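The values are calculated or read from the model by the stated rules, or taken from the named source; none is laboratory data. These figures come from a predicted structure and were not determined experimentally. So basically every Cβ, Gly included, is an ideal-geometry build from the backbone, and we count neighbours across all protein chains shown. Just so you know, the surface numbers come from the protein's heavy atoms only, side chains and all, with ligands and any DNA or RNA stripped out. Shrake-Rupley method; radii C 1.70, N 1.55, O 1.52, S 1.80 Å.
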Amino acid sequence: MNRRDFLGASLSIGALRAIPASSSYGLPVGMPAAPGGWVDQAYAIIKDAARAPSSHNSQPWQIGLHDREHWRLSRAPGRDLPVVDPDGRECSQSLGAFLVGLEVAAAARGLRLEQDECAGAAGALPLRFNPRSVDTTWLPALRRRRTLRKALAPLASCEAALAACLAAAPSARFFAHGTPAARAIADATLEATAAQCKEDAVWHELARWIRWREGEIAENPTGVTPATMELPWLAQRWVAATYSRDDVLTPAFRARSLELAARQVQEGAGWLVFTTEHDTPADWRHSGAELMRLWLRAVPAAIALHPMSQALEVLPQRRSIEAALGLKHIQLLVRVGTRPYPPDTPSPRLAAQRISALL
C-alpha cells in the first residue's frame with residue numbers, strides 16, 4: 001500500500017502545532033530531590049500545568065524551584081522554533097498558557113499564583129504561591145484539554161456556550177464562516193502554507209519534532225506523534241514502522257500538508273482572532289493566557305479549538321489579514337467548531353522532574 005495514501009489528509013504544518021530528555025536537544029534535567037513534602041506537591045502542580053498547548057508540542061517552559069513559595073519560570077533552551085518563530089512570539093504564548101495551567105493546578109491544591117512581570121530578570125519570571133481556598137473548578141478541563149484537528153463541526157446550538165467562552169478572553173473575536181473576514185483568514189492561511197511548503201528550513205525544523213515511534217516518544221516526550229495527528233489506528237502502525245525524518249522533507253508530504261490545510265479552513269464554524277494593544281513579549285504571554293482561559297471553558301462545552309499559525313509566521317500574509325480585518329497586532333488565529341473531547345489526551349508530556357530543578 002502506498003504510504004502517501006495511508007497518511008491520507010492527516011498532516012499539515014498547522015495541524016502539527018498546537019505545546020525531550022535527550023541531551024542532543026540541550027534540554028534541562030531536574031536535579032534529584034528527596035520525595036515528599038512541598039517538592040512532590042510542586043511536581044504535581046507542574047504535571048497538570050504542562051497540559052497547556054505549545055507550538056509543535058515543544059513544551060518550552062522551564063521551572064526553577066527556590067522553595068515552596070518561590071519559583072521562577074523561563075524559556076527552556078533547546079525547545080524553541082527558530083525557523084517559524086524567530087522572535088519567540090509563539091514560545092511566549094505557550095508560556096502564557098502554561099501560567100494559566102499553573103494557576104489552575106495550584107488553586108486545586110489550595111494555592112494562589114502571583115506573578116510580578118516587572119521583577120523578571122534575564123527573561124525569567126518570578127512566581128510566588130500563597131495559601132487560598134481549594135478550587136478544583138477548572139482542573140478536569142485542564143487535564144482533558146487537547147488540540148482537535150479533524151472533524152470540527154458547525155456550532156449549531158453552541159453559540160451561547162461560545163459567547164461564555166469569549167467572556168474569558170476579552171481580546172478574542174469570532175468571525176463566522178461565510179463572512180469576508182473568515183474568507184480573508186482562510187485565504188491568507190493557505191497562501192502562507194503554500195509559501196512555507198517551498199522553504200526547506202521549515203520542514204527540517206518540523207521533522208525534528210515528529211516522533212514516529214514509541215521508543216522515540218519514551219525517550220523524548222515532546223513533539224507530534226501519529227496519535228496526535230489523529231491518524232487512523234492502522235495508519236499509525238504503518239507510519240510508525242516505515243516513516244522517518246526524511247519522509248517529512250519530500251514534496252509529497254508537503255503537498256498533502258497543503259491539501260489538508262485547504263480542507264481544514266473550511267471545517268467548523270469559523271475563526272477566533274486574538275489581538276493585543278502592543279506587540280511585546282508580555283503581550284504575547286497575555287494572548288496565550290487568554291487562549292488558555294477560553295480553552296478551559298470550551299472543553300466542557302465540546303467546543304474544539306485548533307490554532308493555525310501559518311498566516312502569522314509569514315509576514316505578507318499577516319499584514320494582509322490585519323488590513324482586511326482592520327486590526328493591529330493579531331497574535332493568534334484559531335479554528336473553532338464543535339467536537340466532544342475524548343477522555344484521553346495522547347500528546348506526550350515531559351515529566352515534571354525533567355522540566356524543573358531545585359535552585
Once the dipole of the chain is set up from charges on Cβ (+1 Lys and Arg, -1 Asp and Glu), the residue from the list L231, A282, G178 lying farthest towards its positive end is L231
Would you mind counting up the charge near A151? Only other residues with Cβ under 13 Å from its Cβ, with Lys and Arg at +1 and Asp and Glu at -1.
-> +3
Straight-distance crosslink candidates among aspartates and glutamates, where the alpha carbon sits under 12 Å from K328 and sequence neighbours closer than 8 are dropped = E277, D279
Each residue of segment 76-89 in order: what ³J(HN,Hα) in whole Hz does its phi give by Karplus 6.51 cos²θ - 1.76 cosθ + 1.60, θ = phi - 60°, with x for Gly and Pro?
-> 7, x, x, 10, 9, 10, x, 7, 8, 9, x, 8, x, 4
Long-range HN-HN contacts of I210 with modeled amide H, under 5 Å = V224
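Please work out the average accessible area per residue across segment 50-161, using the 1.4 Å probe convention, and give it in Å². Walk me through the numbers before you get to the answer.
Working: 4440 Å² over 112 residues.
Dividing the accessible area of segment 50-161 by its residue count gives 40 Å².
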Which whole-Hz ³J(HN,Hα) couplings does segment 162-177 yield from phi under the Karplus relation 6.51 cos²θ - 1.76 cosθ + 1.60, θ = phi - 60°, glycine and proline marked x?
-> 5, 4, 5, 5, 5, 4, 7, 9, x, 7, 9, 10, 9, 10, 6, 4
What number comes out for the charge environment of A194, summing +1 per Lys or Arg and -1 per Asp or Glu over other residues with Cβ under 12 Å away?
-> -2
If you take every DSSP beta bridge whose two residues both sit in the chain, what share of them, in percent to the nearest 5, is antiparallel?
-> 90
Spelling it out for L152: with amide H atoms placed in the peptide plane at 1.01 Å from N, the residues 5 or more places away or on another chain with amide H under 5 Å from its amide H are G268
With a 1.4 Å probe and every protein chain kept in, tell me what percent of the accessible surface of segment 121-200 is carbon plus sulfur.
-> 59
The ³J(HN,Hα) series, computed from each phi in segment 305-322 with the Karplus coefficients 6.51, -1.76 and 1.60 at θ = phi - 60°, rounded to the nearest Hz and given as x for glycine or proline, is 10, 9, x, 10, 9, 3, 5, 9, 8, 10, 4, x, 6, 4, 5, 5, 5, 4
Could I have the simple spin-label model distance between E219 and A282, label points 7 Å from Cα toward Cβ, reported in nm to one decimal?
-> 4.3
CD proxy at 222 nm, helix term only [per DSSP H run n ≥ 4: -39500 (n - 2.57); per residue of the chain; nearest 500] | -12000 deg cm²/dmol
Name the long-range amide H neighbours of L332: under 5 Å, sequence gap of 5 or more, or other chain; modelled H, no Pro or chain starts.
-> F274
